[in-house]
Structures are given as C-alpha cells and as structure tokens.
Amino acid sequence: MKRHYILTAVLAGLLGLLMACGGSETATPGPDAQARDIKLVAGQGQDTVAINAYFPSKVTVRAGDTLTWGLGHPDEPHTISFLSGSPRPADLVAIEGGAPTDVQLTPSTQFPTRAPGDPVETYNGTSFISSGLVATFPQGPPGTPPYDTYSLVMGTPGTYDYVCFLHPSMKGSVTVVPSNATDVSSQAEIDSQAEAEEAALLAEVDPIRAGGNLVRSERGPNGTTIWNVRAGSAGRDSRSEIYEFLSKEISIKEGDTVVWSVKGPSIHTVTFHPGQEKPGFITVLPQEAGPPTLQVPANVAFLVKPSGEFDGTGYWNSGLMDIFEPDRPTSFSMTFTEAGVYDYICAVHDSLGMNGTVTVLKR
Ligand SMILES: [Cu+2]
C-alpha cells in the first residue's frame, strides 16, 4: 500500500515537471523573453496600384508577442482574418427581409470580432478572429477616428495562416514559437524582409500595365470591330494588381463593340452613367442596434443593360465581374451607335481612379 502511494507521488511529480516545461520544443529552455510589439504591413501601392500582400508574408514570433498590422496603401482597406479551418465567408449576403437584389457586404467580413472596449484578443489557433475592415477613412458616425491598425497577441505555439476577406489572393502566415525561443527575427530583419518582398511585387506593375495596354481587337459583323479591354489586371500570383481599364482610353467607330473582361482576383464593374449621378459602391444603412448594414446598390451589384445598343443615354452596368464566383459575370459588352465621348467608371474602385473613356467616331 505504501509503495503504491510512493509510485503515484513519483508519477505526479514527473507529470508536474513535464507540464512545467510547457511542451517546449526548444532544446535548452531559457528564461521567457520579454514580449515584443512587432509591426507588420498589410498591402502596398498607391492609387490604382494595389499590392495585395502582407509584408512580410511569413513571420516567426514568440508566444506573448503582439503583432500590429498597419496599412501600406493609403486608400485600400484590408482585413486580417484568422479562420482556424472555418470556411471563408461569402463577400455578399442577402439583406434579411429584403428583395432578391437587396444585398450587403457580409457583416463578418466587415466588422471586428473584438467587441468595442474589449482588450486586444489573443489568438490560440482555434477560433475565428478577424480585424474587420482596417482603413484610413473613418467608418463610423462623424467624429469616429479611423481604424487604421489592427493588433493581436499571439498565444499557443504553431503555424497559422490568415487572409484578407477583400482580396482573395492575399494570404499571410505567422509561426508562433515558445516564449523562451531564441530563433526569432528582430524587427529590423522583419522590416528588411518586408521591403524585399514589396520591391519584388512592385517590379511587376509596369510589365502588367504594358501587357494590358496592347491593343486587342478582332473583326466583328458588317465591317465593325470588336475591341477587348481588360478590367483590372494582375501579376503571376495575383498579389500585384492594377485597378485600371487597359486601355483606359480607346477610340472606336460607330457600330463597334467593346468587350470588357475581368483579369485578376478583384471584383470590378463597368458603369456608364451619362447625365446621372455616379453610383457609390456602398450605401450605409444605420441600424437601431449594432453595426450598420453595408448595402451594395442593386444597380452596382447586378447587370443593367437597357438595350442591345448604347446611343449615349441611359444607365449601363456590368454587375460585379468576378473570376471566382460562378454566379457572377466575367465580362460585359456594349455596342456603340452614336459618335461621342463616353466616360465610365468601376463603381468599386472609382475613388482610387479606376475609370476610362470610349471615344466613338463617325464611321
Ligand atoms: Cu474596380
């Protein structure tokens, strides 16, 4: 009986010792390092150049370190979203009780999981944690400060992927090592890695634009021409994007057709609104409780094509062109019958400068 007791005590002692080690993989456990504040960057670029990547894309930090992402592109919002194996939410969902064309940006992609006033979250590898929209522009009622950085404490060791809900090609990963690990990069090393990755992606921009600006046309019916224009374009792995119509300005003749095709992972529209107010991408509908509903107007989200031929009047819209969603178009075409100069926009990226002009000459 006594011997059995001693054995149990020894086992309990051993177990305690194992637990004290905390499952550490470091060969020679040292004292815990002081928790650090590590700065990362989400996105780069300017105006219509959008480098949709995290800088650096991979980072190794200690458990207990706080990561803070800032924005590299002054006008392009991003999210920092850890899915932990749950499916990526759709970008648009129906507005409850609304018409079929009443759609909103999916709330879980737009709003943070951290409740107002709560402390900075700690990520332990199993929960859905998301920044919501991080942007330089204020997103609340007048006077709300912009929410332009996002912080998260890293907890349990492991390697974790994260994504941006706005940009499907934008992925990052964080490896968390024990708090006493010594093999982590300094902030200076992280910064220089970020700069190298940024330079490599920015170098893709000029070739993407040059390729997009090559004139692509084919013979249409009755001596007309079909002109192909890209709506946006992207580099090899789609992290370097340009939100531009390529070519931005084209000259065609009466009877010719223009076909716009989306090329790249971001959504775009082709929207002609002669004599009418420009449509916005989002209408903010305040709610009695909780966050507002972010409605995407039906005349932006869906196809509006009043007739077979554009005579310079009426509202024309491609709907959200998207290479990922099978329900959405990837192209839009218009036949122009009246000489004139017609400006158009991408209703999603107009504020960044995504617009174009079709000049129609007399045949
Ligand atoms: Cu666009």
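Kindly indicate whether GLY319 is in contact (Cβ under 8 Å) with a residue 24 or more places away in the chain and under 27 Å from SER233 (Cα atoms). Here the answer is yes, as GLY319 does meet what is asked.
Identify all residues within region 336-352 that are assigned to a strand (DSSP E or B) and surrounded by fewer than 19 Cβ atoms within 10 Å (Cβ to Cβ); write none if there are none. Don't jump to the end; show me each part of the working.
Start the filter on region 336-352 by keeping residues that are assigned to a strand (DSSP E or B), which leaves 336, 340-345.
Matches in region 336-352: GLY340, VAL341, TYR342, ASP343.
Quick check on my filter: what residues within region 281-298 are touching a Pro at 6+ places or on another chain (Cβ under 7 Å) and within 16 Å of the ligand (Cβ to nearest atom)?
The one that is touching a Pro at 6+ places or on another chain (Cβ under 7 Å) and within 16 Å of the ligand (Cβ to nearest atom): PRO297.
Remark: pairs (first residue in region 340-358, near the ligand (Cβ under 9 Å from one of its atoms); second residue part of a helix (DSSP H, G or I); Cβ separation under 6 Å; 6+ apart in sequence or on different chains) = ALA347/VAL300. Selection of region 295-305 for residues being assigned to a loop (DSSP other than H, G, I, E, B) and under 14 Å from VAL270 (Cβ atoms) yields PHE302, LEU303, LYS305. Can you tell which of ALA194, ALA181, ALA231 is small (Gly, Ala, Ser), surrounded by 22 or more Cβ atoms within 10 Å (Cβ to Cβ) and more than 16 Å from the chain's Cα centre (by Cα)? Unique residue meeting the criteria: ALA231.
Of the strands (runs of 3 or more DSSP E) lying entirely inside region 232-275, the ones with 3 or more residues being on the phi < 0 side of the Ramachandran plot, within 16 Å of the ligand (Cβ to nearest atom) and not β-branched (Val, Ile, Thr) are found at 240-246. Tell me, yes or no, whether region 318-336 has at least one residue that is in contact with a His (Cβ under 7 Å, 6 or more places away or on another chain), within 13 Å of the ligand (Cβ to nearest atom), of a type outside the set (Asp, Glu) and modelled with pLDDT of 95 or more. Yes: one or more hits.
The values are calculated or read from the model by the stated rules, or taken from the named source; none is laboratory data. Everything numeric here is computed off the predicted structure, so don't read it as measured data. Every residue, glycine among them, receives a Cβ derived from its backbone with ideal geometry; neighbour counts consider all protein chains shown.
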